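Student: This is the structure, below, for whatever I ask next.
No value in this document is a laboratory result; all are computed from the given coordinates. Because the structure is a prediction, the values reported are computed rather than measured. Don't worry about glycine lacking a Cβ; one is built from the backbone with ideal geometry, like all the others, and counts go over all protein chains shown.
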Amino acid sequence: MKAFVAGATGYTGQEVVKALVAAGVEVVAHIRPDSTKLAEWTEKFRSWGAKADSTPWVEDEIQKAISVHKPDLVFGLIGTTRARKKTSTDPENETYMSVDYGLTAMLLRAAEAQNPAPGFVYLSSYGVGPGSPSAYIQARHKLEEELRASALDFLIIRPAVITGDRDESRLGEEIAGVLGDVMLKGLKAVGARKIHDKYASLDAQTLGRGMVACALESELGRRDVDAAEIREKGQ
């Protein structure tokens, strides 16, 4: 089996690459070609047992890359942050809609163009739905709708808060994770274990391993996966 991982250098993407390699999957780890650490990431992925790919984010080029690699699974783990936008030399093209949605939609179209088509594993978010004022949620909702309208088999992964030691600090998310986990542990103590498991925070290693475990099941299907299932399979 072969997997193409877009967003491989991210906090969760790194753990997905490691989990796939550990499961014996041939991995192509995509690196954004404008990355200042392109050479470093290329060497790191090779040392982990994965192949690095730095195809430019251009429609025809991405489609060609997927055609050449012929993955069985495509992982869409792409995302930007407010901090990255502030330091970007092209902030207008470093938004949730242009990156989180736009690049993932390009990847989705490339997957749809293949015959046979690969399964698509998309890292979305808890709370995604129509009408949200959050640009982050809007981008993910738009991509989810396009994925559901496609003919692809897919997993839509919907974790709550993702916590841990990131390269880039996300103080608000860390605080939300800590406070939320305190309340959820209280609910778990009085018997509400299912609520705890569904909404409590996940670290990247558990998330990555859980995503891969779900993706490698015999039938991918077309379904959503919440944090409770990811936690169970990723621990």
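Student: Scan around residue 52 for amide H atoms under 5 Å from its own, H built in the peptide plane at 1.01 Å from N, and keep only partners 5 or more places away or cross-chain.
Tutor: HN-HN under 5 Å from residue 52: 29.
Student: Let me ask something additional. How much net charge surrounds residue 148 when only other residues with a Cβ under 12 Å from its Cβ are counted (Lys, Arg +1; Asp, Glu -1)? Walk me through the numbers on the way to the answer.
Tutor: Numbers: positive: 142, 222, 223; negative: 144, 145, 146, 153, 224.
Charge balance in the 12 Å sphere: -2.
Student: Please list, ordered by chain and number, the residues whose modelled amide H lies under 5 Å from the amide H of residue 216; skip anything fewer than 5 residues away on the same chain.
Tutor: Those qualifying (amide H under 5 Å, at least 5 residues apart or on another chain) number zero.
Student: Oh, and also: Can you give the local net charge around residue 31? Use residues other than it whose beta-carbon is closer than 13 angstrom to its beta-carbon, Lys and Arg +1, Asp and Glu -1.
Tutor: My count for the surroundings of residue 31 gives +1.
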